[in-house]
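Accompanying notes for the structure given below.
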Amino acid sequence: MNERLEHIKGRVRDREHRRWRQPAAPDVLAECEAQALSWPRRAARLTRRMCEAEIPVLYPDERIVFTRTVPSVPSVYSPEEWSELTAGCTLHESGPISNICADWGMALSQGLLGRRRVALETRERLAHDPLAVEFLDGAVESIDAVLALAARYERAAREAGRDDIAAILAHVPAHTPRTFHEALQALRLLQAAVWLSGHYHVGLGRFDQYMWPYLEADLRAGRLDVAGAEELLAEFFIALNRDSDLYPGVQQGDNGQSLTIGGVKPDGSDGTNALTHMVLRVALDTAMIDPKINLRLGPETDLDLLQLATELTRKGLGFPQYSNDAVVIPALTAHGYALEDARDYTVAACWEFIIPGRGMEVVNIGAVSLPAAVDRGIREGLGGGADLDTVFTYTAKDISRQVSALVEAYGQLLLPPAPYYSVLMDGCLEQGRDLSQGLRYNNYGIHGAGSADAADALAAVAKLVIEERRVGAAELIAALDADFQGYETLQRMLVDEAPKVGNNDDEADGMLGRLFDWFAEACEAIGDNGRGGRVRPGTGSAMYYLWLARGHEGMREPVVGATADGRGSGEFLSANLSPAQHARVRGPISVLQSFSKIDYTRICNGGPITMELSDAVFRDAESIRKVAMLVRTFARLGCQQLQLNTVNLDTLLDAKKHPERHKNLIVRVWGWSGYFCELAPEYQDHVIARHMYSAM
Amino acid sequence: MTTGIVFDIKEFAIHDGPGIRTTVFLKGCPLRCSWCHNPEGISREPQIMRSPAGERLAGARYTPGELAAILNGQADILRDNEGGVTFSGGEPLLQAQFIVETVDLLDDIHVLLDTSGCASEADLRQVAARCDLVYYDVKIVDAALHRRHTGRDNGPILYNLGVLGTLGVPYVIRVPLIPGVTDTDRNLADIATLARGAPGLLRVDLLPYNQAAGAKYAAAGMTYAPTFDPSAPVNANTRPFERQGVAVHVA
């Protein structure tokens, strides 16, 4: 980054820009009540007043503008009205539409004036339909609000002597961008207005696909060179980090500003382009938490691109996350997605596959606790004569019960109207329908959490209780009830002598496969989810690796105590697809082989194989290449999604404090790698110190 | 039936040879190098490693068939990634028969032997004949010094190095740089002389000593007693090799 960008980044890190923030959000409620506005009109009014309340901020060194000054999003209903409105209904998370993806490419290319024309044409055509008219009037109101905001920024730029910025804002987001610079500025405003409208987890979709035409034209015409383009891109990326503190999420940084690159085009040809590489280079250079990069790849993706991505992994930011087109696309088509749409998938806030502009999907209605299901299976199935099939039957039954309970809870799902977000979607303005009424895809997603622990528990029962008869059914259940207090020998046997997922062991992996098959069957059996969609099973755990073990207020999912894999009550469950925490595994190859055995055509809600690597493991160019090969191996083995984490200082410190949670943490010591937890304390300190120095 | 005793199998061992490799660590070693970083590899007997993370038994018995089955299960992946299998230790040649029988059961996989050379000529010959590459440690050329720091004569090691040069298997000489012991200009010059014009030699790798060598002793219930000053700086001097026209690389 050059000095200008360092300066801009420094301001964000120092929170200097926050001094422009106003003390409070505008009051929108009073006028909504005074005019007795409908919900759709209130939503549009909110967008309008939020845009109007924005005070233009222009830094002399900026080339892409918009700094948010309104600190929060006000309510459009009083608490009493709100509880009346939502009585008997389920709200998803905090209520507003979230975690979907706009068709940014369409919105950019049509421009807001183009979208406005579409709205007005439809309004004329559907003049007899009051609901459509109301929706379209709201959509136009929100479009006009964003255009007015751009116009105020344009005036402010003119007054500040920034004719360059004024000229850009005179053109976008109203019209089709003429340059890459204009496209970035337009996207900045269009996306910011989604946040201002109260939505969250606002993803950026397939950035290298919809932005490439603008960049390519600039490069071809000689208006811009690669260095100039990367500088603009860096400024755009930095801007996405300004308001992390204002975005709702489980943790700060959990804000869903995902950005997907690579993969095939809707016609099936390779979509990788120069911008794909630029995004990786610039993300490496800016090294901030947003945007979160998702790289789509296939078994044939070239190693150069993966090496560049590996450089980014080495930074320890936790991305890119990899999705394998060869597996994801068939899974989506098997779940009713048109092939062209499936090929156009992007990744939502965490890992879920969604279609930009075409999905009003709720990809995380909850989680199935696979360990709880196995626990139920063991207790009910081992009651009579110890017989594995009965354990299977009861486990499958419990999975099905959990899926039904979640879907039932969402039977009364209430999605608030979203007129501005609808402007950015395919078909809403064309049909006069708000996106909350549904888009082309209206599926639900459910996480399948704790899968490795659950599979290990089944494998332990199969081997030690059924096959070898070394453990009695009643004894096992008593041990689980006692959280292994007084059953330590049995616990050791469960941990040490039963097969574990992550070792390419067919016994344990077979159980994993069964669990996901039962999960898929349970979801398939639901049929319609009540919104014209299906229920998609996934392999992620989100925060449920903690919640399902220890409970969480308001959680619908069951909590599980000690489990038959030897895991004590309250201990973390496996995160996403990873071996159980206390399971010893040989390494990444076996882990990939284990997880490649899942039938991913039936599992399409995403959830990555999650691995931690020490950043010292890939210090030189040769090792970077080998890590890139590991990523390619993931794709070639037919796994679905991969998250490689560089071990950072916090992990090492936690490993020192809680070694039992980090048995497989490998650190590079000399010309060799060792298990961190087996190193004597002073050597652990040495490794920590080294990481501390390398982090500096 | 032949069995082997293995103290670890490590996947994605990216520093143990070309490409992505799986390394098999064979238990037992005739040398007692005071800088040894794998203390659990010294004794032939299984031993318990105790750490705050719990206990683990280092040392499991495998038949050649069992080990080959694990490795063959990864053969496609290792091959696809320009890698293969590395036999390390301990001193793998102490279990030469086990390696031979295992390698004979392997699918087409690149095999690397990582040896101290402290073994019988016959064992070196029969294993090296089945390898695609050998990593061969040369620590100290001076006989007395070698005895003092490793507890063994280097006669067989230097002799076997000569044998290796006649086998037609490419090899790399690896020199752990131990401060004041192996990294003296004199010793490096001696090694460079040995290496000059040696047939089949690809290069010399210099591996600088790291403070963490003694890290696993406590877990193995052993005491780390270096015969040198571990905090002294390492002399990674490549000049002696360059002077002799020997390719050299500092890892």
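Evaluate the following for A:Thr276: is it among the hydroxyl-bearing types (Ser, Thr, Tyr) and at pLDDT below 95? Before you say what the answer is, go through the steps one by one.
Details: among the hydroxyl-bearing types (Ser, Thr, Tyr): yes; at pLDDT below 95: no.
Criteria not met by A:Thr276.
Residues in the range A:378-405 that are touching a residue at least 40 places away in the same chain (Cβ under 8 Å), buried (at least 21 other Cβ atoms within 10 Å of the Cβ) and assigned to a helix (DSSP H, G or I): A:Ile378, A:Val391, A:Thr395, A:Ile399, A:Gln402, A:Val403.
Selection of first residues in the range A:573-589 that are within 13 Å of another protein chain (Cβ to nearest Cβ) and of second residues that are among the hydroxyl-bearing types (Ser, Thr, Tyr) and assigned to a loop (DSSP other than H, G, I, E, B), restricted to Cβ pairs under 8 Å at least 6 apart or on distinct chains, gives the following pairs, ordered by first then second residue: A:Gln581/A:Ser574. Of the residues examined, A:Asn664 is not one that is more than 12 Å from every other protein chain (Cβ to nearest Cβ) and modelled with pLDDT under 80. Only residues that are loosely packed, with under 14 Cβ neighbours inside 10 Å and free of Cβ contacts under 8 Å to residues at least 12 places away in the same chain were counted in the range B:49-64, giving 2. Among the residues making up the range A:319-372, those that are touching a helix residue (DSSP H, G or I) at 6+ places or on another chain (Cβ under 8 Å) and more than 27 Å from A:Asp302 (Cβ to Cβ) are A:Ala334, A:Gly357, A:Arg358, A:Met360, A:Ile365, A:Gly366, A:Ala367, A:Val368, A:Ser369, A:Leu370, A:Pro371, A:Ala372. The residues of the range A:189-204 that are assigned to a loop (DSSP other than H, G, I, E, B), farther than 17 Å from A:Asn294 by Cβ and of a type outside the set (S, T, N, Q), listed by number, are A:Gly198, A:His199. Given the criteria over 19 Å from A:Leu679 (Cα atoms), within 14 Å of chain A (Cβ to nearest Cβ) and surrounded by 15 or more Cβ atoms within 10 Å (Cβ to Cβ), does B:Leu188 qualify? For B:Leu188, the condition - over 19 Å from A:Leu679 (Cα atoms), within 14 Å of chain A (Cβ to nearest Cβ) and surrounded by 15 or more Cβ atoms within 10 Å (Cβ to Cβ) - is not met. Criterion applied to A:Asn255, A:Asn241 was being surrounded by fewer than 19 Cβ atoms within 10 Å (Cβ to Cβ) and under 24 Å from the mean Cα position of the chain (by Cα), and the one residue passing it is A:Asn241.
All of (1) at pLDDT 95 or above; (2) at positive phi hold for A:Ala43 with one exception: (2). If the condition is being at pLDDT below 95 and not in a helix (DSSP H, G or I), then the range A:610-641 contributes A:Thr610, A:Met611, A:Glu612, A:Leu613, A:Ser614, A:Arg619, A:Asp620.
Residues that are at the interface with chain B (Cβ under 10 Å from one of its Cβ atoms) and hydroxyl-bearing (Ser, Thr, Tyr) within the range A:594-643 comprise A:Ser623, A:Thr633, listed in sequence order.
With respect to the conditions (1) farther than 19 Å from B:Leu112 by Cβ; (2) more than 14 Å from chain A (Cβ to nearest Cβ), B:Arg56 lacks only one, and its number is (2). Look at B:Pro18 and say whether it is more than 14 Å from B:Ala219 (Cα to Cα), in a loop (DSSP other than H, G, I, E, B), away from every other protein chain (no Cβ under 14 Å) and in contact with an Asp or Glu (Cβ under 7 Å, 6 or more places away or on another chain). So B:Pro18 fails the test.
When the range A:24-64 is filtered for residues that are crowded, with 17+ Cβ neighbours inside 10 Å, without any contact (Cβ under 8 Å) to a residue 40 or more places away in the chain and part of a loop (DSSP other than H, G, I, E, B), only A:Leu37 remains. Looking across the range A:413-470 at every residue that is within 30 Å of A:Val391 (Cβ to Cβ), of a type in the set (A, V, I, L, M) and in a strand (DSSP E or B), the one that is nearest to the chain's Cα centre (by Cα) is identified as A:Ile446.
So that you can scan it fast, the table gives a plain yes or no per residue for (1) more than 9 Å from every other protein chain (Cβ to nearest Cβ); (2) closer than 15 Å to B:Val111 by Cβ:
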| site | (1), (2) |
| --- | --- |
| B:Met1 | yes, no |
| B:Val6 | yes, no |
| B:Lys10 | no, no |
| B:Ile14 | no, no |
| B:Val24 | yes, yes |
| B:Asn38 | no, no |
| B:Ile42 | yes, no |
| B:Pro46 | yes, no |
| B:Pro52 | no, no |
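All of (1) under 26 Å from B:Ala122 (Cα atoms); (2) without any contact (Cβ under 8 Å) to a residue 60 or more places away in the chain; (3) part of a loop (DSSP other than H, G, I, E, B) hold for B:Arg152 with one exception: (2). If only residues of the range B:219-235 that are within 22 Å of the chain's Cα centre (by Cα) and either within 13 Å of chain A (Cβ to nearest Cβ) or among the charged types (D, E, K, R) (or both) are counted, the one that is farthest from B:Thr150 (Cα to Cα) is B:Ala219.
Just to be sure before I move on: is B:Pro30 surrounded by fewer than 24 Cβ atoms within 10 Å (Cβ to Cβ) and either within 16 Å of the chain's Cα centre (by Cα) or away from chain A (no Cβ under 14 Å) (or both) in the structure I sent?
yes
Pairs linking a residue in the range A:80-109 that is closer than 28 Å to A:Leu204 by Cβ to a residue that is assigned to a helix (DSSP H, G or I) and among the basic types (Lys, Arg), with Cβ atoms under 7 Å and 6 or more positions apart or on different chains, are A:Ala107/A:Arg115.
The values are calculated or read from the model by the stated rules, or taken from the named source; none is laboratory data. For clarity, every value in this text was computed on a predicted model and none was experimentally measured. Counting neighbours? That spans all protein chains shown, and the Cβs are built from the backbone with ideal geometry, glycine included.
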